[in-house]
1. Label points 7 Å out from Cα along the Cβ direction at residue 74 and residue 19: separation in nm?
2. Between residue 35 and residue 66, what FRET efficiency follows from the Cβ-Cβ distance if R0 is 25 Å, with the result rounded to 0.05?
Amino acid sequence: MKIRELAQHWEQNAAGTLSPTGHHLHLDLESEARLAALVEMYPKRTTEELLGELVAAALEELEASFPYVKGQQVIATDEEGDPLYEESEHTIGKIEKRA
């Protein structure tokens, strides 16, 4: 979801599933004021929901801005017979957490 699509999403009041992991976040004063304005504009959304959706949208846009990094394994070929590689394991969201 693009950041600019969030307002429309909030207007429709769709609810997502929240992770059980909590995060402590310090915002600068300007960001805190902007967040407070969003909470007033979208009273059906909690502050946590708004922040979670903002972070998710920002991460999606950030990932889309990264250049493609070719992985090691060929997973298919295109219509011209050229190999298509898996994404690198270092692609955001692809890194597995290690215990």
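1. 3.7 nm
2. 0.40
No lab work stands behind these numbers, since they all come straight from the coordinates. Values in this document were obtained by computation on a predicted structure and should not be read as measured data. With ideal geometry, Cβ positions are generated from the backbone for all residues, glycine too; neighbour counts draw on all protein chains shown.
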